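In what follows, a structure is listed as structure tokens, so that the remarks can point back to it.
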Amino acid sequence: MNAVKIALLGTAALAAVSVSAQASETSDLIAQMEALNSRIAALESAPSMPAGYQLLSVSTTDAIIVPGLNSEKDKMYGPKAHNIGILPTADVPASTNIQWSGFVRVGLVYDSTDPIKTAAVDAKPAADLNGDGDTLDAGEPFAAAVAATFGNSTLDLVSRAGLKVVGTTDTAVGEVGVRIALLASVETRGGVNRSHDSAVATDGYWGWWKITPELTLGGGVDGSLGNSSNLFDNRCSCAYINTGGAFGHNDPTQLRLSYASGPISFAVAVEDEGHSGGNQFGVASELKWAGDSFGFDLNAGYYSKKNYTVNAGANFALGDIANVGLAAGVFREHDGSKGMKAGAFLGFTLSDSLTAELGATYIDVKSGGSDSMTVAGGLYYTPVSQLTLGAEASYTDVKSGEDATVAALISIWRF
């Protein structure tokens, strides 16, 4: 009997010890869970985003297409851009996207431009920083007196860098956005002093408000509405050659109202271009159709001192192999020259990474200048979107001057 009592007491003691050990382990586990919850609460309370926002994303995506603007300058930046996206919480209605992209290019350029053509016809300042033929941008003082130095054949190693930032914000009244591009350049040729060209200057800037999904109000400096987009100069991938075929005025200050629905778009603008001959205040308009395999545009501008430009262009695709652009028009410019221009662009897709381009422009000047005929072409290898290697050349025959040849080997790096 005593043995049974002792056995029962021993069993009870062992059970009590076991329960006590389990209670101790449970208490430790609860303490650890409370400590973990405290750490999670502290992390959640840390300000990882600006007040009112809940998600920040950084990615590489398609570059924002600015509504109502057709900027040929963007071709140097490539189709992709780095994007910062900020999504709001429920009580903050706006969302914001900020994109940036850039490029660096270097070219080995041979130039035998004739001084008669340069000084009498083009009258382009040797200090033209962004290559658009005007003197509006910072760091581009007018220097026609040194234009004749281009008459000596030269071989130069030149370089340029660009940085573009585009920001859009959804507001209670529609999307509002801004595009700003900057250039740093050492690209004057022919022995001209390069000191002022190494400075940073604007390469166009634009702001817009999408009043409705179709209607956009925009303004800034980045090309004229009177220019055609279908000639070689505006469609080519070229870096150092041109055919002199840009229609209309170069970089006027502009206020533009544009409408786009499906493949059709229409725009009207007030423009004011400044140059050595005085301001050129005027109005311009564009009607465009952009289909999958065919498109056309009609452009016109009328400016002070009875200057004008009227032109029409068309483009179409030959399957996946080639695309064609044609344009023609009449003009009267601020220097008194008037006449007509006509030209063509032909682009070939030779492979996924290799393209070729050919083009020609004929300028018939009735007064104040000289007729000219230019042919140009280029071959470009782009194994990835961040890198392009190429060779390009143009040849110009000026009626009242000697021939002019420009040839270049180029390298372009993008990010």
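Give me Rg/Rg_expected for region 239-390, where Rg uses Cα atoms only and Rg_expected = 2.2 N^0.38 Å with N residues. Can you show the working numbers first?
Values: Rg = 17.5 Å, N = 152, 2.2 N^0.38 = 14.8 Å.
Against the empirical 2.2 N^0.38 Å value, I get 1.18 for region 239-390.
Ordering 255, 346, 298 by accessible surface, largest first, gives 255, 298, 346; the 1.4 Å probe counts only protein heavy atoms, with every chain in place.
Carbon-plus-sulfur fraction of the accessible area of region 204-335, 1.4 Å probe, in percent?
Details: 3580 of 5650 Å².
That share works out to 63 percent.
Put 415, 296 in order of accessible area, highest first, and with a 1.4 Å probe you get 415, 296.
Solvent-accessible area of residue 75, all protein chains in place: 70 Å² (probe radius 1.4 Å, heavy atoms, ligands and nucleic acids excluded). Under a 5 Å amide H cut-off, with hydrogens placed 1.01 Å from N, residue 318 pairs with 323, 324 among residues at least 5 apart or on other chains. Ligands, DNA and RNA aside, residue 273 has an accessible area near 10 Å² when probed at 1.4 Å.
Overall, the accessible surface of region 372-414 at a probe of 1.4 angstrom is composed of carbon and sulfur to the extent of 63 percent.
Ranking of 200, 106 by solvent-accessible surface, largest first: 200, 106 (1.4 Å probe, protein heavy atoms only, all chains present). Rolling a 1.4 Å probe across the protein heavy atoms gives region 312-358 an accessible surface of 49 Å² per residue.
The values are calculated or read from the model by the stated rules, or taken from the named source; none is laboratory data. Every value quoted in this text rests on a predicted model; they were computed, and no experiment measured them. Note: areas computed on protein heavy atoms with side chains; ligands, DNA, RNA excluded. Shrake-Rupley method; radii C 1.70, N 1.55, O 1.52, S 1.80 Å.
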